[in-house]
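> Questions regarding the structure given below will be posed in turn.
The values are calculated or read from the model by the stated rules, or taken from the named source; none is laboratory data. None of the values given here were measured: they were computed from a predicted structure. Backbone-built Cβ (ideal geometry, glycine too); neighbour counts: all protein chains shown.
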Ligand SMILES: Cc1cc2nc3c(=O)[nH]c(=O)nc-3n(C[C@H](O)[C@H](O)[C@H](O)COP(=O)(O)OP(=O)(O)OC[C@H]3O[C@@H](n4cnc5c(N)ncnc54)[C@H](O)[C@@H]3O)c2cc1C
């Protein structure tokens with residue numbers, strides 16, 4: 001019987017190495033050289049490269065890519081376990097060549113790019129010689145691609161793009177922008193004439209594309225294929241994101257428990273007060289449930305496909321936002337005034353929880369997807385009563401047992417006695 005929650009020892013060794021590397025090398029780097037991966041300082045760059053070489057030597061570089069797309073092809077379950085470790089350290093995904101939004105964009109390039117496009121964009125992105133952004137959301141369109149209007153018109157041997165995009169993360173510092181148009185996905189170098197980045201918001205950019213001209217070979221994948229490419233970006237990515245969220249929840253939980261044992265109030269350590277215990281117990285169970293759900297979904301993708309696991313992928317998406325909200329709130333609360341400051345990760349974690357319910361599709365849209373897909377598996381009942389209506393079930397059971405009761409008068413007598421007894425009690 002195949003039902004096993006253990007990690008095979010060989011892969012566990014990899015996980016142990018990743019945990020060691022993150023704690024010993026990545027975490028100190030974060031405090032001494034924040035945003036080191038994008039640093040223009042040659043000394044810092046060389047230092048980052050030497051750490052990244054260690055990751056490459058372990059065969060863990062760009063680990064999100066399938067084997068046929070040029071990555072290690074770990075599968076979603078193993079990737080999930082790895083992300084559970086690296087998610088604790090904000091800069092770790094970049095140290096493993098696995099940071100959004102580049103990952104999703106690289107996935108699209110690896111799956112749909114021509115050899116020439118891969119050479120031009122995928123290789124430098126993989127080597128972090130280039131960075132990218134993803135321009136999909138529109139100011140008037142939000143979560144609904146049917147409302148998008150950004151369009152590319154063909155003019156001789158060029159495409160001419162016109163439109164407006166909203167919340168393109170890191171667009172300002174990207175070398176290339178993946179622009180979702182109503183008639184296809186286009187790769188636009190940021191410095192192309194007509195690309196105008198609005199002063200605000202600073203980090204997630206509002207970008208106007210006015211008569212932006214790119215050569216024909218800047219269309220990625222088929223014409224009119226933008227929605228399919230967009231789906232490709234999101235499937236597995238959500239599972240990795242969910243495991244990184246679990247890493248954040250676990251960090252908050254660890255802080256909560258440490259504090260519960262360290263502070264005293266009204267004659268006891270606070271971990272002995274029942275309302276603190278309740279927060280610890282609820283958070284513990286929520287993290288466990290989410291972790292099992294995410295890993296089972298990853299396993300399902302590995303054993304079927306992203307499409308088959310779509311209901312669970314969507315359910316994971318809004319559940320992780322809910323669990324992060326709950327656990328980071330509990331931890332922040334138990335740390336008291338310190339929790340409300342920016343001297344620990346908790347304030348940012350709690351403030352970031354609502355963001356998680358919006359980025360990558362708002363909760364409502366994912367919930368509607370889940371409900372719609374789940375309801376496809378059900379049928380309305382016939383007549384006025386639900387299938388589990390007791391009187392109807394009782395009647396059907398008598399009909400079903402009739403031949404056995406006919407064959408055995410003593411059994412019939414017992415059944416009739418039961419019937420009378422139960423009728424008296426009702
Ligand atoms: C941190 C962050 C990073 C992001 N990065 C990128 C990026 O790199 N590239 C990019 O293109 N986009 C990015 N986005 C944008 C993201 O895709 C959108 O925020 C998201 O699709 C929602 O669009 P909106 O913000 O316009 O909200 P709206 O669509 O206006 O939704 C607002 C609210 O309306 C309600 N609502 C909306 N639709 C429905 C519905 N169908 N059913 C019920 N209620 C509904 C919900 O309550 C929702 O919260 C990012 C967003 C965030 C927060």
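> If you scan segment 191-245, which residues turn out to be crowded, with 18+ Cβ neighbours inside 10 Å and part of a loop (DSSP other than H, G, I, E, B)?
221
> Looking at residue 166, is it within 14 Å of the ligand (Cβ to nearest atom) and closer than 24 Å to residue 228 by Cβ?
Yes: the conditions hold for residue 166.
> Take residue 141 and decide whether it is within 12 Å of the ligand (Cβ to nearest atom), in the same structural domain as residue 199 (by TED's automatic domain parsing) and within 23 Å of residue 33 (Cα to Cα).
It is false that residue 141 is within 12 Å of the ligand (Cβ to nearest atom), in the same structural domain as residue 199 (by TED's automatic domain parsing) and within 23 Å of residue 33 (Cα to Cα).
> So, of the residues in segment 246-261 that are touching a residue at least 60 places away in the same chain (Cβ under 8 Å) and closer than 16 Å to residue 277 by Cα, which turns out to be surrounded by the most Cβ atoms within 10 Å (Cβ to Cβ)? Talk me through it step by step, then tell me what you get.
Residues of segment 246-261 that are touching a residue at least 60 places away in the same chain (Cβ under 8 Å), as a first pass: 246-253, 255-256, 259-260.
Still in the list and also closer than 16 Å to residue 277 by Cα: 252-253, 255-256, 259-260.
Numbers: 252: 28, 253: 21, 255: 21, 256: 25, 259: 20, 260: 20.
If we take residues in segment 246-261 being touching a residue at least 60 places away in the same chain (Cβ under 8 Å) and closer than 16 Å to residue 277 by Cα, then 252 is surrounded by the most Cβ atoms within 10 Å (Cβ to Cβ).
> Scan 269, 287 and give me the residue that is in the same structural domain as residue 312 (by TED's automatic domain parsing) and surrounded by 17 or more Cβ atoms within 10 Å (Cβ to Cβ).
Of the residues listed, the single one that is in the same structural domain as residue 312 (by TED's automatic domain parsing) and surrounded by 17 or more Cβ atoms within 10 Å (Cβ to Cβ) is 287.
> Only one of these conditions is not met by residue 342: (1) modelled with pLDDT under 95; (2) surrounded by fewer than 16 Cβ atoms within 10 Å (Cβ to Cβ); (3) under 30 Å from residue 283 (Cα atoms). Which number is it?
Result: residue 342 fails condition (1) only.
> Output the number of the condition that residue 331 fails; it satisfies all remaining conditions of (1) assigned to a helix (DSSP H, G or I); (2) over 19 Å from the mean Cα position of the chain (by Cα); (3) without any contact (Cβ under 8 Å) to a residue 40 or more places away in the chain.
Of (1) assigned to a helix (DSSP H, G or I); (2) over 19 Å from the mean Cα position of the chain (by Cα); (3) without any contact (Cβ under 8 Å) to a residue 40 or more places away in the chain, only one is false for residue 331: (3).
> Restricting attention to segment 365-385, report how many residues are under 14 Å from residue 321 (Cβ atoms) and either without any contact (Cβ under 8 Å) to a residue 24 or more places away in the chain or exposed (fewer than 10 other Cβ atoms within 10 Å of the Cβ) (or both).
Residues flagged as under 14 Å from residue 321 (Cβ atoms) and either without any contact (Cβ under 8 Å) to a residue 24 or more places away in the chain or exposed (fewer than 10 other Cβ atoms within 10 Å of the Cβ) (or both) within segment 365-385 amount to 0.
> Quick check: anything in segment 176-189 within 12 Å of the ligand (Cβ to nearest atom) and over 17 Å from residue 224 (Cβ atoms)?
Yes, the conditions are met somewhere in segment 176-189.
> Separate question: Mind listing whichever residues of segment 1-48 are more than 13 Å from residue 94 (Cβ to Cβ) and not in a helix (DSSP H, G or I)?
Selection gives 1, 2, 3, 4, 5, 6, 7, 8, 40, 41.
> On the basis of being assigned to a helix (DSSP H, G or I) and crowded, with 20+ Cβ neighbours inside 10 Å, does residue 280 make the cut?
Values: assigned to a helix (DSSP H, G or I): yes; crowded, with 20+ Cβ neighbours inside 10 Å: no.
So residue 280 fails the test.
> For segment 136-187, how many residues meet the condition of being within 25 Å of residue 110 (Cα to Cα), out of contact with any helix residue (DSSP H, G or I) (no Cβ under 6 Å at 6 or more places or on another chain) and free of Cβ contacts under 8 Å to residues at least 40 places away in the same chain?
6
> Residues that are within 16 Å of the ligand (Cβ to nearest atom): which helices (runs of 4 or more DSSP H) entirely in segment 348-426 hold 1 or more of them? Outline the logic, then answer.
Working: elements: 363-375, 390-407, 409-425.
Counting at least 1 such residues, we get 363-375.
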